[in-house]
Amino acid sequence: MDSCILCGQCSAICPQKAILMVGCGSGQVEKTEEFRLDPNDVLNTIRFRRSIRNFKETEISQNIIEQILEAGRLTHTAKNMQDVSFVVLNKEKKRIEKMAVKVFGTVKPIADLFSPLARNNKINDSFFFFNAPLVIVILAKDKTNGILAAQNMEYVAEANGLGVLYSGFFTMAANVSRKIKKAISIPSGKKVAMTLVLGYPNVKFLRSTPHKELNVRYM
């Protein structure tokens, strides 16, 4: 086949490896054994998950960063668009954050009208990234694809002992600021779908948060 717009199911199930999807990249991995996640472990990961805003200064190894990015790359996308890309903020993190602080200072009065969270937060130099060692900005043409990638990336981050914050405020600022778009080189046609703030938590939670009772109807 001459394109990568199809789902790739045919290539994945063909016992003779007779199907080549040109333009899709390489690296198909042979499945040599069955493996399943433990359902209770997955539920507990979700149950005890918290948004982290207090991070240790410990750096994140390049190997872990690459695992997190790989989880994003492998995430399924609508129509097999594979439109998700990433900007890893490390050395430029503080400079970009200062730009976002300036932008958000101008739009915060409007946000305060609609968001109690915005009203209750004061803007300072670490308002977006909380001095975390790493930030990954997820770009996509279809925002849903970027959010799906963010969820899988969080699972891999959690598996490595990291804490994660979804920075909706930075995502908002980046999408309205031409300067930030230029600074992080957002391609035409893409937007910031989500921003992951990552680091080792400097706080220990002893119990899960309360949630509303399950609300479901079987029909």
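A Cβ distance below 6 Å, combined with a sequence gap of six or more or placement on separate chains, defines the contacts here; from the range 89-117, residues that are under 22 Å from Ile186 (Cβ atoms) and free of Cβ contacts under 8 Å to residues at least 24 places away in the same chain reach residues that are assigned to a loop (DSSP other than H, G, I, E, B) and open to solvent by less than 80 Å² (accessible area, probe 1.4 Å) in the pairs Gly105/Ile123.
Would you call Val107 within 30 Å of Leu37 (Cβ to Cβ) and surrounded by 14 or more Cβ atoms within 10 Å (Cβ to Cβ)? It is false that Val107 is within 30 Å of Leu37 (Cβ to Cβ) and surrounded by 14 or more Cβ atoms within 10 Å (Cβ to Cβ). Given (1) more than 25 Å from Glu59 (Cα to Cα); (2) touching a helix residue (DSSP H, G or I) at 6+ places or on another chain (Cβ under 8 Å), where does Phe114 come up short, assuming only one miss? For Phe114, the exception is condition (2).
If you check Val164, Val135, Val156 for being more than 17 Å from Arg53 (Cβ to Cβ) and touching a residue at least 40 places away in the same chain (Cβ under 8 Å), only one passes: Val156.
Return the residue satisfying two criteria in turn: it lies in the range 189-210 and is closer than 21 Å to Leu89 by Cβ and assigned to a loop (DSSP other than H, G, I, E, B), and of such residues it is farthest from the chain's Cα centre (by Cα). Among those residues, the one meeting the criterion is Asn202. Look at Ser126 and say whether it is open to solvent by 40 Å² or more (accessible area, probe 1.4 Å), part of a loop (DSSP other than H, G, I, E, B) and hydroxyl-bearing (Ser, Thr, Tyr). For Ser126, the condition - open to solvent by 40 Å² or more (accessible area, probe 1.4 Å), part of a loop (DSSP other than H, G, I, E, B) and hydroxyl-bearing (Ser, Thr, Tyr) - is not met.
Could you check, for the range 140-150, whether at least one of its residues is modelled with pLDDT under 95 and either among the small types (Gly, Ala, Ser) or under 20 Å from Lys91 (Cα atoms) (or both)? Looking for residues that are modelled with pLDDT under 95 and either among the small types (Gly, Ala, Ser) or under 20 Å from Lys91 (Cα atoms) (or both), one finds none in the range 140-150, hence no.
Checked against (1) hydrophobic (A, V, I, L, M, F, W, C); (2) in a loop (DSSP other than H, G, I, E, B); (3) loosely packed, with under 15 Cβ neighbours inside 10 Å, Val42 passes all but a single condition, namely (2).
Scanning the range 41-97 for residues that are farther than 17 Å from Phe170 by Cβ, of a type in the set (Val, Ile, Thr) and touching a strand residue (DSSP E or B) at 6+ places or on another chain (Cβ under 6 Å) yields a count of 2.
When the range 47-92 is filtered for residues that are touching a Pro at 6+ places or on another chain (Cβ under 6 Å) and either of a type in the set (D, E, K, R) or surrounded by fewer than 17 Cβ atoms within 10 Å (Cβ to Cβ) (or both), only Glu59 remains. Taking the range 155-188 as the search range and keeping residues that are assigned to a loop (DSSP other than H, G, I, E, B) and over 19 Å from the mean Cα position of the chain (by Cα), which one is surrounded by the most Cβ atoms within 10 Å (Cβ to Cβ)? The selected residue is Ser177. Whenever a residue of the range 37-66 is at pLDDT below 95, its partners that are open to solvent by less than 90 Å² (accessible area, probe 1.4 Å) and charged (D, E, K, R), lying with C-beta atoms within less than 8 angstrom and at least six residues away or across chains, give the pairs Thr45/Glu158; Arg49/Glu154; Arg49/Glu158.
The values are calculated or read from the model by the stated rules, or taken from the named source; none is laboratory data. On a predicted model such as this, the values are computed, not experimentally measured, just so you know. Here the Cβ is made from the backbone with ideal geometry for all residues, glycine too, and neighbour counts use every protein chain on show. Keep in mind that these areas ignore ligands, DNA and RNA; they rest on the heavy atoms of the full protein, side chains included. Shrake-Rupley method; radii C 1.70, N 1.55, O 1.52, S 1.80 Å.
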